[in-house]
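What follows is one structure encoded as structure tokens, with my remarks underneath.
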Amino acid sequence: MGVQVVWPSGAMALLTQLEADRISLKSQGELYDLYRNCSLAVLNSGNLTDNSKELLENYQNFEIDVVRNERGLKLELINPPESAIVDGKVIKTLQKHLYSVLRDIVQFHFMRDSLTELTANVNMGDKGLDKGTLITNEIFHILRSAHAVRADQSPSLAVCWGGHSIPQDEYEYAYQVGRNLGLRGIDVCTGCGPGIMEAPMRGSLDGHALQDNAENCDRIGLTEPSIIAAEPPNPFVSNLVIMPDIEKRLEAFVRLGHVLIVFPGGPGTAEELLYILGIKLCHENRHNPVPIILTGNEKSRPYFEAINDFLVHCFGSDITRYYQIIIDNAKAVAETVAEGLETVHAHRTLIHESYCYNWSLYIPPELQLPFEVNHQNMAALNLCQNQEPYRLAANLRRAFSGIVTGNVKEYGIKMVNENGPFKLHGDREIVNFMGKLMTDFIAQGRILLSQREYTPCYEFEPITKDGSDCSCTSDQPQPQA
């Protein structure tokens with residue numbers, strides 16, 4: 001396709017020399033590969049894939065260069081995907097997403113340097129801050145820069161979680177839920193990829209349009225660098241935000257959103273559900289309303305029965321009070337979301353909390369600090385019941401995160417190919433039910449789009465005979481924030 005030129009607008013039309021050097025092709029700065037791969041994923045928007053390794057291999061001759069000149073800044077796209085070009089020009093929504101990539105890659109890596117300095121001060125007792133507070137503020141800065149938080153808006157954002165590999169009937173149901181949300185003026189935030197991440201956005205846009213309000217329909221897509229190539233943004237994302245890592249992406253979801261809707265999905269959806277349940281299980285959040293709705297069409301009923309069964313066996317029957325399941329009733333879901341928004345509005349008004357960002361939500365370090373996926377850390381995870389429930393949820397979340405990494409992320413696929421599957425140890429009942437859940441995901445085709453016969457990247461190994469005296473370590477080594 002040769003070379004295409006895109007001119008960023010607004011604040012991203014100007015970069016410092018240091019910023020430009022870190023991401024430019026000519027200087028091959030430390031951020032260039034990351035910037036190039038995220039930009040390629042954006043240009044592949046709308047194309048179905050879930051294999052980042054395959055995407056990068058298919059476009060090895062693609063490059064992107066940042067050129068500073070007398071007019072400010074231009075982006076030169078060398079051999080971009082043909083699907084991104086119409087009549088010799090890059091599609092406008094993709095141009096907008098390219099600006100988002102530029103903004104977030106530059107921003108969060110310079111913010112990382114500042115965070116490192118602040119963390120050093122925290123370690124010395126400066127300012128009475130902790131790492132968690134700094135991370136929460138960093139996430140807010142990224143969302144504010146992306147115009148994803150607005151001070152003048154009452155609670156109106158439904159976060160939708162679910163899988164990218166779904167049948168058409170589940171897509172249609174999620175679309176109907178989104179449409180019913182849009183008819184009620186409710187906006188949508190998803191992981192920005194295909195499948196369930198696309199359907200509610202599309203439906204919400206149509207619902208807003210029927211109310212003559214399409215121009216005010218927010219469709220926020222949150223992703224992170226290691227997964228964007230496996231889940232390129234769908235065509236309906238209006239506001240793309242790239243978070244530094246999966247933990248900050250998850251925190252952004254729960255602080256930005258007001259109500260959470262969980263559709264059918266695979267291990268990534270299980271990871272997301274365990275993340276918010278781990279937060280809900282913390283005593284500090286007992287008065288902080290975050291409504292959770294699990295929903296799908298009638299054919300997906302067995303999926304939710306399996307999820308519910310797994311959670312009850314891991315945490316006991318009390319876990320069910322943190323969520324409700326609505327089957328095959330898109331209108332009831334939207335009405336329940338609207339009720340949840342009223343509850344959140346009343347609560348935040350009462351305690352004078354921000355409508356657009358849930359600052360008061362407590363997130364423990366086990367769920368907030370980055371978990372490095374590798375064979376050693378996966379094998380050391382404590383999947384036993386002799387720990388506080390929120391810690392068990394956090395470790396199960398890490399286990400599913402590792403499975404996602406081994407399935408779709410380039411470095412994870414390489415790790416499994418070289419060293420074999422991840423080995424997960426824990427109480428017999430927990431790992432058996434986790435194995436059963438994964439078997440159900442595989443049988444229902446919820447793991448990968450691009451692979452008919454799935455080869456698991458994990459192995460489950462019970463380590464106790466009677467379910468007691470688990471020898472797993474309860475505290476995992478944590479990388480620095």
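Of the residues making up the stretch 226-264, those that are out of contact with any Asp or Glu (no Cβ under 8 Å at 6 or more places or on another chain), outside any loop (DSSP other than H, G, I, E, B) and closer than 15 Å to Gly193 by Cα are Ile227, Ile228, Leu240. Figure legend. Inter-residue proximity from the stretch 355-382: first residues closer than 24 Å to Cys314 by Cα, second residues outside any helix (DSSP H, G or I) and among the basic types (Lys, Arg), beta-carbon distance below 9 Å, spacing 6+ or different chains. Indicated pairs: Val373/Lys409; His375/Lys423; Met378/Lys423; Ala379/Lys423.
Return the residue satisfying two criteria in turn: it lies in the stretch 445-470 and is more than 21 Å from Gly162 (Cα to Cα) and open to solvent by 90 Å² or more (accessible area, probe 1.4 Å), and of such residues it is modelled with the highest pLDDT.
If we take residues in the stretch 445-470 being more than 21 Å from Gly162 (Cα to Cα) and open to solvent by 90 Å² or more (accessible area, probe 1.4 Å), then Thr455 is modelled with the highest pLDDT.
Quick check on Asp427: is it charged (D, E, K, R) and buried (at least 19 other Cβ atoms within 10 Å of the Cβ)? Taking the combined requirement at face value, the residue satisfies it. Tallying residues that are open to solvent by 10 Å² or more (accessible area, probe 1.4 Å) and not β-branched (Val, Ile, Thr) within the stretch 391-405 yields 1. Take the conditions out of contact with any Lys or Arg (no Cβ under 9 Å at 6 or more places or on another chain), closer than 22 Å to Asp309 by Cα and either aromatic (Phe, Trp, Tyr) or at pLDDT 90 or above (or both) and apply them to Asn419. Does it pass? Considered against the rule, which asks whether it is out of contact with any Lys or Arg (no Cβ under 9 Å at 6 or more places or on another chain), closer than 22 Å to Asp309 by Cα and either aromatic (Phe, Trp, Tyr) or at pLDDT 90 or above (or both), Asn419 comes out as no. Ala158 fulfils the conditions (1) assigned to a strand (DSSP E or B); (2) farther than 23 Å from Thr336 by Cα except for a single criterion, (2). Of the residues making up the stretch 318-372, just one is part of a strand (DSSP E or B) and exposed (fewer than 15 other Cβ atoms within 10 Å of the Cβ), namely Gln324. Just so you know, in the stretch 194-230 the residues that are touching a strand residue (DSSP E or B) at 6+ places or on another chain (Cβ under 7 Å) and at pLDDT below 90 include one that is most open to solvent (accessible area, probe 1.4 Å), and it is Pro225. Take the residues of the stretch 143-189 that are open to solvent by less than 10 Å² (accessible area, probe 1.4 Å) and more than 21 Å from Thr295 (Cα to Cα): which is nearest to the chain's Cα centre (by Cα)? Within the stretch 143-189, the match that is nearest to the chain's Cα centre (by Cα) is Leu143. Go through (1) touching a Phe, Trp or Tyr at 6+ places or on another chain (Cβ under 7 Å); (2) open to solvent by 10 Å² or more (accessible area, probe 1.4 Å); (3) under 21 Å from Ile293 (Cα atoms) for Phe140 and report which single condition fails. Unmet for Phe140, out of (1) touching a Phe, Trp or Tyr at 6+ places or on another chain (Cβ under 7 Å); (2) open to solvent by 10 Å² or more (accessible area, probe 1.4 Å); (3) under 21 Å from Ile293 (Cα atoms): (3). Within the stretch 1-43, the set of residues being at pLDDT 80 or above, open to solvent by 40 Å² or more (accessible area, probe 1.4 Å) and not in a helix (DSSP H, G or I) comprises Val3, Val5. Residue count for the stretch 47-62 under the criterion of being assigned to a loop (DSSP other than H, G, I, E, B) and at pLDDT 65 or above: the result is 4. No other residue among Gly420, Gly435 is free of Cβ contacts under 8 Å to residues at least 60 places away in the same chain, farther than 27 Å from Cys38 by Cα, in contact with a helix residue (DSSP H, G or I) (Cβ under 9 Å, 6 or more places away or on another chain) and surrounded by fewer than 21 Cβ atoms within 10 Å (Cβ to Cβ) apart from Gly420. Inside the stretch 265-289, residues that are modelled with pLDDT of 95 or more, in a loop (DSSP other than H, G, I, E, B) and either closer than 18 Å to Ile228 by Cβ or open to solvent by less than 10 Å² (accessible area, probe 1.4 Å) (or both) make up a count of 1.
The values are calculated or read from the model by the stated rules, or taken from the named source; none is laboratory data. All figures in this text were calculated on a predicted structure; none of them were measured in a lab. Cβ sites come from the backbone with ideal geometry, for glycine too, and all protein chains shown count toward neighbours. The area values use the complete protein model at the heavy-atom level, side chains included, leaving out ligands, DNA and RNA. Shrake-Rupley method; radii C 1.70, N 1.55, O 1.52, S 1.80 Å.
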